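Reviewing the structure listed below.
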Amino acid sequence: MRDFSQDHHWLSINTATIRKSNGTDLPLPVIIEACARRGIRAISPWRDQVTAAGLAQVSRLVKQHGLSLSGYCRGGMFPAADAAGLKAARDDNRRAIDEARELNAACLVLVVGGLPGALAGKAAHKDIALSRSQVTDGIAQALEYARSVGMPLAIEPLHPMYAADRACINTMEQALDVCDELDPGRTGALGVAVDVYHVWWDPKLQSQIARAGKERLLAFHVCDWLTPTADLLNDRGMMGDGVIEIAKIRRWVEDQGFAGFSEVEIFSTGNWWQRDHDEVLDTCIARHKTAV
């Protein structure tokens with residue numbers, strides 16, 4: 001297991017972590033500059049932030065500062081209530097792949113979607129099996145194009161509380177079943193993003209990380225689970241402030257040969273997004289040394 005205690009060489013910042021500073025939206029170019037000043041070597045930007053700043057400008061800044069992208073957030077949201085919706089999802093995922101390719105991301109992270117319409121507050125149906133089938137079909141279509149441009153796809157299983165609205169793939173086991181079906185040769189084109197916030201509770205986690213192996217472990221995301229949790233979406237904790245055995249999970253991942261970045265991804269409307277982004281980044285660096 002790598003020693004993170006002396007430096008932050010393997011720290012990546014998911015740009016959602018400081019998408020707000022003192023409660024105000026922080027532009028992506030400012031985030032990039034702030035990370036670069038601290039010697040943070042990698043980021044993982046969100047598509048809406050890239051769109052707001054302009055893909056060409058973000059690509060230029062990434063290259064200018066010599067940054068890597070530990071991932072790109074996000075593709076997915078495959079299920080739909082009709083053929084037009086399925087086509088729209090397919091087209092959007094192709095655009096996401098192209099953006100990830102332009103930014104030279106290590107992978108495009110897939111948040112696969114749940115029941116159509118549920119995220120907006122009214123599900124079109126209750127057939128989660130249908131949604132899961134549409135997810136598999138959607139990933140298969142995206143994978144064909146992603147292979148052609150050399151962009152790995154990383155399925156991110158989300159905590160079961162998000163099964164209806166954000167992701168009907170909720171465990172590593174489910175995600176790896178899809179990987180085995182669509183990429184039986186373990187080519188590295190399709191794998192998983194392991195986010196400790198979503199999977200720490202899973203009694204099969206260690207065995208499924210071993211099942212994934214080096215070829216399928218494409219990204220590793222860290223934060224912490226607070227008790228009590230004030231908001232299941234937007235009250236993630238800074239590493240070390242909650243109950244997740246982060247270092248143990250990192251050991252399991254690295255035992256399989258994963259040697260990439262540990263990507264800090266924190267959504268925190270009531271705490272960290274209310275603080276100055278400089279304080280948040282400095283805390284991320286400190287906790288990466290002590291709690292990851």
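Can you put Arg90, Arg216, Arg166, Arg2 in order, fewest other beta carbons within 10 Å first?
Fewest to most other Cβ atoms nearby, the residues stand as Arg2, Arg90, Arg166, Arg216.
Taking the alpha-carbon centroid of each part, what is the distance from segment 61-93 to segment 1-37 in angstrom?
A separation of 21 Å, based on Cα centres.
Which option, (1) 20.6, 68; (2) 21.5, 80; (3) 17.9, 53, is the value of Rg and Dmax of the Cα atoms in Å that was calculated from these coordinates?
(3)
List Glu102, Glu245 from most exposed to least, where exposure is judged by having the fewest other Cβ atoms within 10 Å.
Glu245, Glu102
Counting only DSSP beta bridges with both residues in the chain, what percent are antiparallel, rounded to the nearest 5?
Once the DSSP bridges in the chain are tallied, antiparallel ones form about 10 percent.
Connecting C-alpha atoms closer than 10 Å in a GNM of the chain, tell me which of Ser207, Ser148, Ser44 has the biggest fluctuation.
Comparing Ser207, Ser148, Ser44 in a Gaussian network model of the chain, the most mobile one is Ser148.
For an R0 of 51 angstrom, estimate the FRET efficiency from the Cβ-Cβ distance between Trp201 and Arg60 and round to the nearest 0.05.
FRET efficiency, Trp201 to Arg60: 0.80.
Cut-off is 10 Å between beta-carbons; in what order do Asp82, Asp127 appear when sorted fewest neighbours first? It would help to have the intermediate numbers written out before the result.
On the way: Asp82 10, Asp127 14.
Fewest-to-most ranking of Asp82, Asp127: Asp82, Asp127.
Only the coordinates and a few stated rules stand behind these numbers; no lab work does. Computed from a prediction, not measured in an experiment: that's the story for all the values here. No Cβ is skipped: glycine too gets one built from the backbone with ideal geometry, and neighbour counts run over all protein chains shown.
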